[in-house]
Amino acid sequence: MSYTDKTPRRDFLKNSAKATIAIGIGTSTLGSFVESCATTKNVTASASPFKTGFDQQPLPYAYTALEDVIDAATMEIHYTKHAAAYSKNLKEAAAAEGVTGNSLEPVLSNISHYSVKMRNNGGGHYNHEMFWQCMRPKQNDNRPTGKLLGLIEKNFTSFDNFKTQFSDAGKNRFGSGWAWLYTDKNNSLKIGSTPNQDNPLMNISDLKGFPVLGLDVWEHAYYLKYQNKRADYIENWWKVVNWDYVWKRYYSFYNIPA
Ligand SMILES: [Fe+2]
């Protein structure tokens, strides 16, 4: 869908040029990051093919598909209530603030120029659209392989080290938020955590980069099955990580052969 500037602006965006400029800056910021990756790594980085729109996309599996790790009731409520609300509220904010275009990424990369509603719901929508794809039905000995495993070992010494660091990022997030594996401007894989619905694409985030794996550690993601035991949820979650999707995000971002 596309947005037009028919809705009167809120006070914080009275100047109609501001939103237009903001979007321009956002595109430039994301482009600069991509460009710096290409320069540093000598690869032909292109704009990420993972363009996120504003509508909620279908869940790529049944609510029951992740049972044993995430129960069907949690999945259904998470997808149809929480995530659906982020998309709905994002579209309201986009209409009110004069966002044009079909891609959320330029808005996120310049999120400081938008409202809190845009920040919370834009991040919420982006993060959840990614989160669903980052999971798949449980597999035995679910681990990354091939080039992705090599990258993880290069950046974190071993897969077990990586798992520990990433798990700690999720466990230690105070309150609600996300744990991330992302690629930074130096082409390194980094682990970090953001509060609420922030993510590494946002210009207000302490983390800066392109996320390739995200873990939702809001209580709504696990409380029905795990109650207060976030660590148990995280430990089990490794069984359903879709490493093929993680690798796809990485190689598509850098436009390198799979
Ligand atoms: Fe969530």
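Tabulated data
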| item | result |
| --- | --- |
| Some residue of segment 46-60 being assigned to a helix (DSSP H, G or I) and either over 21 Å from residue 214 (Cβ atoms) or at pLDDT 95 or above (or both) | no |
| Of all residues in segment 114-135 being buried (at least 19 other Cβ atoms within 10 Å of the Cβ) and more than 16 Å from the ligand (Cβ to nearest atom), the one that is nearest to residue 197 (Cα to Cα) | 118 |
| Some residue of segment 91-98 being part of a helix (DSSP H, G or I), over 23 Å from residue 253 (Cβ atoms), free of Cβ contacts under 8 Å to residues at least 40 places away in the same chain and out of contact with any His (no Cβ under 8 Å at 6 or more places or on another chain) | yes |
| Selection count, segment 192-223, where residues are away from the ligand (no atom under 13 Å from the Cβ), farther than 16 Å from residue 130 by Cβ and either outside any strand (DSSP E or B) or of a type in the set (A, V, I, L, M, F, W, C) (or both) | 4 |
| Which numbered condition residue 238 misses (of (1) crowded, with 21+ Cβ neighbours inside 10 Å; (2) more than 16 Å from the ligand (Cβ to nearest atom)) | (1) |
| Hits in segment 54-65 (condition: buried (at least 16 other Cβ atoms within 10 Å of the Cβ) and either within 14 Å of the ligand (Cβ to nearest atom) or over 21 Å from residue 224 (Cβ atoms) (or both)) | 54, 56, 59 |
| Filter result (of a type in the set (A, V, I, L, M, F, W, C) and farther than 18 Å from residue 165 by Cβ) within segment 211-237 | 218, 221, 224 |
| Cβ pairs under 6 Å, 6+ apart, first in segment 201-219 and over 18 Å from residue 176 (Cβ atoms), second acidic (Asp, Glu) and in a loop (DSSP other than H, G, I, E, B) | 209/184 |
| Among the residues listed as 250, 226, 254, 182, the single one being within 16 Å of the ligand (Cβ to nearest atom) and among the hydroxyl-bearing types (Ser, Thr, Tyr) | 226 |
| Test: residue in segment 154-173 that is crowded, with 21+ Cβ neighbours inside 10 Å and touching a Ser or Thr at 6+ places or on another chain (Cβ under 8 Å) | yes |
| Residue match in segment 112-135 (condition: aliphatic (A, V, I, L, M) and either farther than 26 Å from residue 230 by Cα or in a loop (DSSP other than H, G, I, E, B) (or both)) | yes |
| Count - residues of segment 81-93 that are more than 12 Å from the ligand (Cβ to nearest atom) and surrounded by fewer than 17 Cβ atoms within 10 Å (Cβ to Cβ) | 2 |
| Filtered residues of segment 149-188 (kept if touching a residue at least 24 places away in the same chain (Cβ under 8 Å), among the small types (Gly, Ala, Ser) and under 17 Å from residue 234 (Cβ atoms)) | 167, 169, 170, 176, 177, 179 |
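The values are calculated or read from the model by the stated rules, or taken from the named source; none is laboratory data. Remember, predicted model here, so these are calculated numbers, not experimental data. As a convention, Cβ positions derive from the backbone with ideal geometry for all residues, glycine included, and neighbour counts pool all protein chains shown.
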